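Values quoted throughout were computed directly from the atomic coordinates according to the rules given, and no laboratory measurement underlies them. Computed from a predicted model, the values in this text were never measured in an experiment. Here the Cβ positions follow ideal geometry from the backbone for every residue, glycine too, while neighbour counts run over all protein chains shown.
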Amino acid sequence: MTDLKTSVDVSAFDFAKGNGLIPAIVQDADTLQVLTLAYMDETALQETLESGQATFFSRSRGGRWRKGETSGDFLNVVSVTPDCDADAVVVKVRPVNANACHLNRTSCFGDEVAPGLGQLARLERTIVERAQADPEESWTARLMQKGVKRIAQKVGEEGVETALAATAGPDEEVLNESADLIYHLLVLLHARGLRLDNVLDVLRSREK
């Protein structure tokens, strides 16, 4: 994991342009969903880097506040990236809970949860959680209990069913079988200690 304290030079930021504040776009590190827009002064940014938890300057309260201090909805920081003028920042986080918004929503920007391909990252998180559940209550936990070979077999079965649906079935069947295939593939990756990000790294390398 990146050492936040050494990866970001606080002195390089232009706080003067915004009367001591810079806007901080907070983004889910996995789903890439924009969670909120907040503000940081130099002290809040420094505290964020030192604590590893998103800390902001509240314009209404007139002081710094750490997200989650009262609600428990902490935002664990993965990276802090300044824009080209060093007067704004993107803070990628992994939320402790699902509510980054004070209205108990995932995002301050609408009700949609992890739109588009971000849903795959949410599914991956759910698989990690369900893998620890009671096998009597969770299909994911039962699969994990059966081991990699059985999970790999399911991926093969779902792959064949997807291919058959694509050649002879209606669109709805193709979509349902594709969803089953993606789910079981993500379970297999988790069982092997891998993540979807690792697959994406391979795809990115192939672009070159």
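Under 18 Å from the Cα of residue 67, which aspartates and glutamates turn up, not counting those fewer than eight places away in the same chain? List returned: 28, 41, 42, 47, 50. Here the Debye sum runs over all C-alpha atoms of the chain as equal scatterers in vacuum, and log10 of I(q)/I(0) at q = 0.09, 0.10 Å⁻¹ comes out as -0.47, -0.57. Given the -39500 (n - 2.57) contribution per DSSP H run of 4+ residues, what per-residue ellipticity at 222 nm results for the chain, rounded to the nearest 500 deg cm²/dmol? It lands at -13500 deg cm²/dmol. A protection proxy built from the mean count of other Cβ atoms within 10 Å ranks the segments 9-21, 39-51, 80-92, 196-208, most packed first, as 39-51, 80-92, 9-21, 196-208. At q = 0.33 Å⁻¹ the log10 of I(q)/I(0) for segment 145-188 amounts to -1.07, computed by Debye summation with a single uniform scatterer per C-alpha, solvent ignored. Can you give me the Cα centroid spacing of segment 161-208 and segment 1-39 in angstrom? Here the two parts' Cα centres lie 34 Å apart. Remark on residue 57: its backbone amide H falls under 5 Å from those of 39, 40, 41, 65, a criterion applied only to residues 5 or more positions apart or on other chains, H modelled at 1.01 Å from N. By the Cβ distance rule of under 4.7 Å, the chain has these cysteines without a partner: 84.
Computed on the chain, with alpha-carbon pairs under 8 angstrom and 6+ residues apart, the relative contact order is 15 percent. The trypsin sites (Lys or Arg not before Pro) of segment 116-203 that DSSP puts in a loop, and whose beta carbon has at most 16 other beta carbons within 10 Å, are 192, 195.
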